Amino acid sequence: MQEESVRAPRDEAPYTLDQPAPRVLGFWDQSAFWANLGVSLLAFSGAYTVLAPTEDGRPTISITAGITAMIVGTLIGGLMLGLAAVPGARTGQPAMVLLRGLFGARPSYLPTVLNIAQLVGWGTFELITIAGAARALYDGVPRWAYVVAAGVITTVLTIWPLGSVRLLRRYVTVAVCLALVYFYIQLLREPLPDLNQGSWGGFWIGADAALAVSISGVAVAADYTRHSRTQRAAFGSAAVGYSVTQ
């Protein structure tokens, strides 16, 4: 009875690695998850990185070349992300456990610690970005309150991760799609710039920037796909869901 009291619900992620990972996430559950990760406020800064002008204000790469570079980099990165998702679905183990097979038990502690530091940094950065965006929409609330609110929501999603993924599929993904449609309508109402002003000289630099964003999820892909019902669903949802929205 005592052992049962510390167990997570059957359809939820277990609290320890001694318990088997429930295989409850289908293709659409995971596609919604990766699609939501692909939609980020960082996309604007990423686009600027690709299209950044020179010091005298001239474009270094045309918008056509920049869009093509982002498509190429995203497709390559999405393929890498999909491949990284497969071992988690195959073994049921998270990414940091899988590293033991590559480095051994003790040496794997180093990339694990580095990954934890990276995730703390990303989490902090995302909370600050969310707070800044929320302040831009409504500045009647202090910035720290937005940070705390976003942190509380993030913590709740962490405690019930699989339920959160299913919640994303049912409700949040629809809201994100509506927001994207509204965004593109507003964008297309503005006068278009010269799409071919600039050159193709920085094409591969732009593709590399898009690739870097795509593969940022490789290190933790198995953490989510270990709950996938099939390896095919894990690969397809990660490669396609993330790439399309990015």
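The values are calculated or read from the model by the stated rules, or taken from the named source; none is laboratory data. Bear in mind the structure is a predicted one, so any value in this text is a computation, not a measurement. Because the Cβ atoms are built from the backbone with ideal geometry, glycine has one as well, and the counts that use them run over all protein chains shown. What goes into the accessible areas is simple: the full protein's heavy atoms, side chains included, and nothing from ligands, DNA or RNA. Shrake-Rupley method; radii C 1.70, N 1.55, O 1.52, S 1.80 Å.
Using the C-alpha gyration tensor of region 72-149, what are the square roots of 5 times its eigenvalues, in whole angstrom, with the largest one first?
Details: eigenvalues 238, 66, 21 Å².
The three semi-axes for region 72-149 are 35, 18, 10 Å.
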Return the calculated 222 nm mean residue ellipticity for the chain, to the nearest 500 deg cm²/dmol, obtained by summing -39500 (n - 2.57) across DSSP H runs with n ≥ 4 and dividing by the residue count.
-20500 deg cm²/dmol
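Which length gain, in nm to one decimal place, applies between Ala105 and Arg229 when the Cα-Cα distance is subtracted from 0.36 nm times their residue separation? Walk me through the numbers before you get to the answer.
On the way: separation 124, 0.36 × 124 = 44.64 nm, distance 2.75 nm.
Gain on extension, Ala105 to Arg229, equals 41.9 nm.
Taking N as the number of residues in the chain, what is its alpha-carbon radius of gyration divided by 2.2 N^0.38 Å?
Working: Rg = 20.1 Å, N = 246, 2.2 N^0.38 = 17.8 Å.
Dividing the Cα Rg of the chain by 2.2 N^0.38 Å gives 1.13.
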Rounded to the nearest 10 degrees, what's the angle between the helix 27-38 long axis and the longest principal axis of the chain, both from Cα atoms, 0 to 90?
50
To the nearest 10 square angstrom, what accessible area does Asp18 show with a 1.4 Å probe?
140
In Å², nearest 10: area of Thr64 left accessible to a 1.4 Å probe:
40
Just to make sure I understand: if all protein chains stay in place, what is the order of Phe203, Phe44 by accessible area at 1.4 Å, largest first?
Phe44, Phe203
Check: the chain dipole with +1 on Lys, Arg Cβ and -1 on Asp, Glu Cβ, in debye:
620
Sparse-neighbourhood loop sites, trypsin sites (Lys or Arg not before Pro) in region 143-241 - DSSP loop, at most 16 other Cβ within 10 angstrom
Arg229
